[in-house]
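Report on the following structure.
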Amino acid sequence: MEFDQIEVPDEGQAVEVIDEEADELEVPENPIVPILYGDGIGTDVGPAAQQVMDAAAAATGREISWMRVYAGETAREMYDGENLPEDTVEALRKFRIAIKGPLTTPVGAGFRSLNVALRKRLDTYSNVRPTYHLDGVPSPVKNPGQMDMVTFRENTEDVYAGIEWEEGTEEVEQVKEFVEGEMGFDNTIHDGAVGIGVKPITEFGTKRLVRKAIDYALEHDRDSVTLVHKGNIMKFTEGQFRDWGYEVAAEEYGDEVITEDTLWEEQDGEQPDDAVVVNDRIADNMLQQILTRTDQYDVIATMNLNGDYLSDACGAQIGGLGIAPGANFGDARCLAEPVHGSAPKYAGQDKVNPTAMMLSGVLLFDYMGWGDAAELIKDAVEETISSKKVTYDLHRQIEGGEKLATSEFADAVVENIETLA
Ligand code: NAP
């Protein structure tokens, strides 16, 4: 395949798709993996994660052939002002597994989110964000070890779909007139300037996301899947998400999945060993439940906006955004990326914490079937932090720590990988 401005590495092979629907890939020992550093602190955390992933691959007898791809500011320089070049989308599409850093999105005006565009164009419909506590990481809560949740956030619809109209345009007036005049919502929108957005939640989008969450819970021996929604207010979107979620559970899993109601009505609250319980919580309640009843939650399935809020809040409990990893999954496709953004004020200072990006690499390795290399990175990061060698964000919260630059932290993790291997 020919690309315009980027080159396929001479060494290495593309992963092969065995069965797209069954999410099965064959990963060679020397795969080609696209990497997109991204904007702002992406140029700090990207190379740090790459160095650590290389070390873990080498320690387990493998090698990655990296392929640099570009979006955002670096793409604009190379591709005559383009934010998301076709080269990049095509490389990510073709090679199937990749890792990216954050991309800046201007607030209010300017271009739309490149992250959202990428997730939609690659149809990586589930954004998975595990939040677990690593030994030694300071936390604002008393028992951070109780947090062990995995959020499955729908990635392609909700108010993120980008169907919105700007105040002052002819289109927004047309939509307002349609909603008030033809759809019977007279006197629901205040007079004067207005911006309007649309929130699509589909059966297709909901069911494939909830399926992924239940499959994950069953495969990883988790106790429950919680559908998080604001269906008391947004009945036909978020309420429908809840109903479709329960439908998937009831229609596709037989005895493997039971609802919380059944558990209490028929089993006296006694959960069968091999079954997953599906329940639901209203989103505002859920935000306090993660603090007050942290250990009762396990796998979360929710819509785009709720998922974004909830996973950042969970991230805060296990040490903040410098720690929280994530990955976008589609069918036979994974694009790993940390939860945090481009933190422009720290860009290029070799200062921020690369742990979130490294642990996103752990998710990618797990998906590739490289569980041993994934475990090595996780253990080495934990070992480094436990020995109080940390970046500024954790250093300000612990006594007697050694403050390291991003690159020094990466070196320390590599050293631990080599010791642990
Ligand atoms: P942010 O970039 O995540 O930064 C918010 C704060 O979180 C930072 O000021 C810093 O806190 C802390 N933080 C983030 N990453 C860290 C790291 N690696 N190590 C240590 N601390 C870290 O959020 P934002 O300022 O709201 O957003 C900035 C830009 O990023 C926006 O354009 C937004 O659209 C974009 N964004 C992109 C993605 C993505 O690409 N997936 C995700 C979210 C946001 P302290 O200053 O308190 O130390």
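Go through GLY341, GLY361, GLY369 for me and flag whichever is away from the ligand (no atom under 16 Å from the Cβ) and either closer than 27 Å to LEU92 by Cα or surrounded by fewer than 19 Cβ atoms within 10 Å (Cβ to Cβ) (or both).
On the way: GLY341 fails: away from the ligand (no atom under 16 Å from the Cβ); GLY361 fails: away from the ligand (no atom under 16 Å from the Cβ).
Exactly one residue qualifies, and that residue is GLY369.
Assess whether GLY108 counts as being farther than 21 Å from VAL414 by Cα and touching a helix residue (DSSP H, G or I) at 6+ places or on another chain (Cβ under 7 Å). Please lay out each step first, then the result.
Working: farther than 21 Å from VAL414 by Cα: yes; touching a helix residue (DSSP H, G or I) at 6+ places or on another chain (Cβ under 7 Å): no.
No: the conditions fail for GLY108.
Report, by residue number, each residue of segment 183-214 that is under 18 Å from the mean Cα position of the chain (by Cα) and more than 23 Å from ILE290 (Cβ to Cβ).
Here is the first cut: in segment 183-214, the residues under 18 Å from the mean Cα position of the chain (by Cα) are 205-206, 208-214.
Answer for segment 183-214, where residues must be under 18 Å from the mean Cα position of the chain (by Cα) and more than 23 Å from ILE290 (Cβ to Cβ): GLY205, ARG208, ARG211.
ALA48 is checked against (1) of a type in the set (Gly, Ala, Ser); (2) surrounded by fewer than 17 Cβ atoms within 10 Å (Cβ to Cβ); (3) under 22 Å from the mean Cα position of the chain (by Cα) and fails just one. What number does that condition carry?
Exception for ALA48: condition (2).
Of everything in segment 69-89, what is over 14 Å from ASP39 (Cα atoms), acidic (Asp, Glu) and assigned to a helix (DSSP H, G or I)? Give them in sequence order.
Within segment 69-89, GLU86, ASP87 qualify.
Take the residues in segment 74-89 that are within 16 Å of the ligand (Cβ to nearest atom) and hydrophobic (A, V, I, L, M, F, W, C), then tell me which one is surrounded by the most Cβ atoms within 10 Å (Cβ to Cβ).
Within segment 74-89, the subset within 16 Å of the ligand (Cβ to nearest atom) is 74-76, 83-84, 88-89.
So of that shortlist, the ones also hydrophobic (A, V, I, L, M, F, W, C) come out as 75, 84, 89.
Details: ALA75: 23, LEU84: 21, VAL89: 16.
Here the residue is ALA75.
Would you check which residues across segment 91-143 are within 12 Å of the ligand (Cβ to nearest atom), basic (Lys, Arg) and in a loop (DSSP other than H, G, I, E, B) and list them?
ARG112
Please work out which residue is surrounded by the most Cβ atoms within 10 Å (Cβ to Cβ), limiting yourself to segment 90-140 and to residues that are polar (S, T, N, Q) and more than 16 Å from TYR37 (Cβ to Cβ). Give the steps one after another, and end with the answer.
Looking only at segment 90-140, we keep the residues that are polar (S, T, N, Q), and these are 104-105, 113, 115, 124, 126-127, 131, 139.
Now narrow it down to the ones that are more than 16 Å from TYR37 (Cβ to Cβ): 105, 113, 124, 126-127, 131, 139.
Values: THR105: 17, SER113: 15, THR124: 23, SER126: 24, ASN127: 25, THR131: 28, SER139: 18.
It comes out as THR131.
Pick from VAL175, VAL210, VAL179, VAL198: which is under 30 Å from TRP244 (Cα atoms), touching a residue at least 12 places away in the same chain (Cβ under 8 Å) and touching a Gly at 6+ places or on another chain (Cβ under 6 Å)? It would help to see each step written out before you state the result.
Details: VAL175 fails: touching a Gly at 6+ places or on another chain (Cβ under 6 Å); VAL179 fails: touching a Gly at 6+ places or on another chain (Cβ under 6 Å); VAL198 fails: touching a Gly at 6+ places or on another chain (Cβ under 6 Å).
Result: VAL210 is the single residue among VAL175, VAL210, VAL179, VAL198 that is under 30 Å from TRP244 (Cα atoms), touching a residue at least 12 places away in the same chain (Cβ under 8 Å) and touching a Gly at 6+ places or on another chain (Cβ under 6 Å).
Which of the residues belonging to segment 376-413 are among the acidic types (Asp, Glu) and more than 13 Å from the ligand (Cβ to nearest atom)?
First, the residues of segment 376-413 that are among the acidic types (Asp, Glu): 379, 382-383, 393, 399, 402, 408, 411.
Across segment 376-413, the qualifying residues are ASP379, GLU382, GLU383, GLU399, GLU402, GLU408, ASP411.
Are there any helices (runs of 4 or more DSSP H) wholly within segment 238-342 with 2 or more residues that are more than 24 Å from the chain's Cα centre (by Cα) and of a type outside the set (A, V, I, L, M), and if so which?
On the way: elements: 240-252, 260-267, 283-292, 304-317.
Helices (runs of 4 or more DSSP H) meeting the threshold: 240-252, 260-267.
Taken together, the values in this text are just the output of simple stated rules run on the coordinates, not laboratory data. Just so it is clear, the structure is predicted and the values come from calculations on it, not from any experiment. Note: ideal-geometry Cβ built from the backbone for every residue, glycine included; neighbour counts use all protein chains shown.
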